[in-house]
1. Sequence gap at least 6, Cα distance under 8 Å: using those rules, report the relative contact order of the range 2-129 to the nearest whole percent.
2. Taking neighbour counts of Cβ atoms within 10 Å as a proxy for exposure, in what order, fewest first, do 92, 76 appear?
3. Calculate, for residue 3 and residue 66, the FRET efficiency according to 1/(1 + (r/R0)^6) with r their C-beta to C-beta distance and R0 25 Å; round to the nearest 0.05.
4. If you plug each phi of the range 94-102 into the Karplus form 6.51 cos²θ - 1.76 cosθ + 1.60 with θ = phi - 60°, what whole-Hz ³J(HN,Hα) values come out, in order, with x for Gly and Pro?
5. Could you pull out every one of the lysines with an alpha carbon less than 20 Å from that of residue 29, ignoring same-chain neighbours closer than 8 positions?
6. Treating each Cα of the range 2-129 as an identical point scatterer and ignoring solvent, apply the Debye formula and state log10 I(q)/I(0) at q = 0.13, 0.14, 0.19, 0.21 Å⁻¹.
7. Which of 119, 39, 32 has the fewest other C-beta atoms within 10 Å, and how do the rest follow up to the most?
8. What nm distance separates the two modelled labels at residue 37 and residue 130, each placed 7 Å from Cα along Cα→Cβ?
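Read-outs throughout are calculated quantities, based only on the coordinates presented, and are distinct from any laboratory measurement. Being a predicted model, the structure only gives us computed values, none of them experimental. Cβ placement follows ideal geometry from the backbone for every residue including glycine, while neighbour counts extend to all protein chains displayed.
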Amino acid sequence: KVKGIIKKVLLHLKVDERTEISVLFTDDKFIRTLNNKYRGINKPTDVLSFSLQEGAVKSPEIESDKPLGDIIISAETAQRQADTLNHGIEKELTVLLIHGLLHLIGYDHEEDKDYKIMREKESEILKIFAL
């Protein structure tokens, strides 16, 4: 199922579907450790992305013969968010995979304008899943 979601998103973003992406589902304890180590935030988060293509900016420059990066999702946080938002875990995991993939290809949300652009792209992609 995860592979199918990733494939659909990559096709939509015009990224070669043969691009290698690693996805790890973990618990809050492990993702908290990573979040603290790499972002200096000592609490669990829902998803972390680590791009292996320096400067990969939105689809065209992505080299399909090289690994794109890693997405790490806390299944515990995802379940809490699904419960809070009153939707299923499948929808929440799809949202988090999309979010992580967008980070891998160069989207970010540190600045307000970038946040808006990324959220619009997430909404656009979510529509193809009809969730």
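1. Here the relative contact order equals 27 percent.
2. The most exposed by this proxy come first: 76, 92.
3. Efficiency, from the Cβ-Cβ distance: 0.85.
4. Rounded to whole hertz, the list is 5, 4, 5, 5, 4, 4, x, 4, 4.
5. 37, 43
6. Once normalised to I(0) and log-transformed, intensities are -0.51, -0.60, -1.14, -1.37.
7. 39, 119, 32
8. It is 4.2 nm.
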